[in-house]
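Let me begin by presenting the structure, written as C-alpha cells, before commenting on it.
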Amino acid sequence: MSMCRIPFEQLPDDIRQAVADKVGSVYAARTVRGGMNSGIASVLETESGSVFVKGIPTDHPQAGAQGREAAIAPHLPASCPRLHWHLEVDGWSLLGYEVVDGRHADYTPGSPDLPLVEATLAELQQIKAPADIEIKDATDRWAEYAPLGTAHYFGGDALLHTDFAPDNVLITGGRARLVDWAWPTRGAAWIDPGALALRLMEAGHPLESAVAFAGRFVSWRDAEPTALAAFGSATAALWREVAAADGSPWKLNMAERAAALSDFLAGGR
C-alpha cells in the first residue's frame, strides 16, 4: 500500500514542534523522492545539523514495520545509519536518522562497489539477532515457500536484512551503508549471501559467479547443500508468486533468475 508523501512543512504544528524540541530550529526541509512507503521522508537542516526524518501515521498498515525498524536500530552494525530518535506524536510515528548522502550501489560485474558491499555484509554476518526484540523469524517467513520438511534449515540466530536491492545500499565515503531495515529477521546467516546472489544475477552476473560471490561468506560455504537447495526452491516459489500477482517485466525477470538459481542449487553445487 503506497502513500502520498507530504512535505515536512505540512505536518501539524505540534508535530513539527516535537521535532524542533529534538533538533532545534528547522531552517530548511527537502522531501526525498522514491524508496520507502513513508508519509513523510525529508532531510531537515537544523540548528544541530542535518537529520533525515521518515514518518508514517500510526494507523497505517506499515506502522508495525517502522516500529521494528526503530527497535532494531541500536543493534545494527556501524555500516548502517544511526537512529538518533523515535517520536510518537498525535497519530504519527517519526524516526530521526543520520543523513547518509550517497548513491545507490552499482552491482554490475567488475563494479568497484562490490568489495564495499562484501565488507558491509561480512560485518553484518557477525551480528546476532537480539533475543529481546520481536522480529520476524526466517523459519516462519519462508515456511510457506520452502519444500515440505525443509523450513527448519532457515532457523538460526543471525541478524538478517534479506533485501539487498541496490537502492537499499548507499555508497559514500568509500563504504557501503545498508539502509531500510523494515524486515529485520532472525535466522540462518547464509540467507543474506543467498539474497545478495540473486540481486547480482539481476545486475548481469552469470549464475555461477553470483553463487561464487555468496561463497565468499563462511556461512554460505558451511551451509548444508540441502539447506541451500531449500533456499533456492523457496526463493523461486516466492518470486513466482510475486510475478503472478503483478506481471511487470522486472518481476518476471526476477522469477526467471530465481528459478535458475533454484535449479543450480538443487544440483548441490
For this session: Tabulate in residue order the Karplus-calculated ³J(HN,Hα) for the range 46-59, using 6.51 cos²θ - 1.76 cosθ + 1.60 with θ = phi - 60°, rounded to whole Hz; enter x for Gly and Pro.
Result: 9, 3, 9, x, 7, 8, 9, 10, 10, x, 8, x, 5, 9
Exercise. In what sequence, largest accessible area first, do Glu123, Glu88 appear using a 1.4 Å probe?
Worked result: Glu88, Glu123
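Using R₀ = 25 Å, calculate the FRET efficiency as 1/(1 + (r/R₀)^6) where r is the Cβ-Cβ separation of Ser248 and Thr31; round to 0.05.
The computed FRET efficiency comes out at 0.45.
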For this session: Place +1 on the Cβ of every Lys and Arg and -1 on the Cβ of every Asp and Glu in the chain, take the dipole about the Cα centre, and give the residue among Tyr27, His161, Leu87 whose Cα lies farthest towards its positive end.
Result: His161
Exercise. Taking a probe of 1.4 angstrom, what is the accessible area of Asp101 in Å², to the nearest 10?
Worked result: 130 Å²
For this session: Could I have the simple spin-label model distance between Asp222 and Trp85, label points 7 Å from Cα toward Cβ, reported in nm to one decimal?
Result: 4.2 nm
Exercise. So what are the radius of gyration and Dmax for the Cα set of the range 1-144, in Å?
Worked result: 17.0, 50
Seminar exercise, completed: Across Leu178, Leu83, Leu252, the residue with the highest GNM fluctuation in the chain (Cα network, 10 Å cutoff) is Leu252
Exercise. Which log10 I(q)/I(0) values, to two decimals, does the range 74-192 give at q = 0.14, 0.16 Å⁻¹ under the Debye formula with one point per Cα?
Worked result: -0.68, -0.85
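I'd like the per residue volume of the convex hull spanned by the Cα atoms of the range 144-269, given in cubic angstrom.
Details: hull volume 14.8 nm³, N = 126.
Spread over its residues, the Cα hull of the range 144-269 gives 118 Å³ apiece.
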Exercise. Taking a point 7 angstrom from the Cα of Ala119 along the C-beta vector, which residues in the range 65-108 have backbone N less than 16 Å away?
Worked result: 77-81, 103, 105-106
For this session: Could you provide, to the nearest whole Å², the per residue accessible area of the chain with probe 1.4 Å?
Result: 46 Å²
Problem set entry | Whole-Hz ³J(HN,Hα) from phi, Karplus 6.51 cos²θ - 1.76 cosθ + 1.60, for the range 151-162, glycine and proline x | 4, 4, 4, 7, x, x, 10, 6, 8, 10, 8, 6
Seminar exercise, completed: For the range 19-83 the translational diffusion coefficient, Stokes-Einstein from a Kirkwood Rh over Cα pairs at 20 °C and viscosity 1.002 mPa s, in µm²/s, is roughly 163 µm²/s
For this session: With unit charges on the beta carbon (Lys/Arg positive, Asp/Glu negative), name the residue among Met254, Val211, Trp183 whose Cα is farthest towards the positive pole of the charge dipole of the chain.
Result: Val211
Problem set entry | Choice from Ala234, Ala244, Ala197 with maximal GNM fluctuation in the chain (Cα, 10 Å cutoff) | Ala244
Exercise. Carbon and sulfur atoms: what percent of the 1.4 Å accessible area of the chain do they account for?
Worked result: 52 percent
Exercise. Considering the alpha-carbon set of the chain alone, what are its Rg and its Dmax in angstrom?
Worked result: 19.4, 60
Problem set entry | Expected 222 nm ellipticity per residue - DSSP helices of 4 or more, -39500 (n - 2.57), all of the chain, to 500 | -11500 deg cm²/dmol
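The values are calculated or read from the model by the stated rules, or taken from the named source; none is laboratory data. Computed from a predicted model, the values in this text were never measured in an experiment. As a convention, Cβ positions derive from the backbone with ideal geometry for all residues, glycine included, and neighbour counts pool all protein chains shown. Quick note on the areas: whole protein, heavy atoms, side chains included, nothing else; ligands and nucleic acids left out. Shrake-Rupley method; radii C 1.70, N 1.55, O 1.52, S 1.80 Å.
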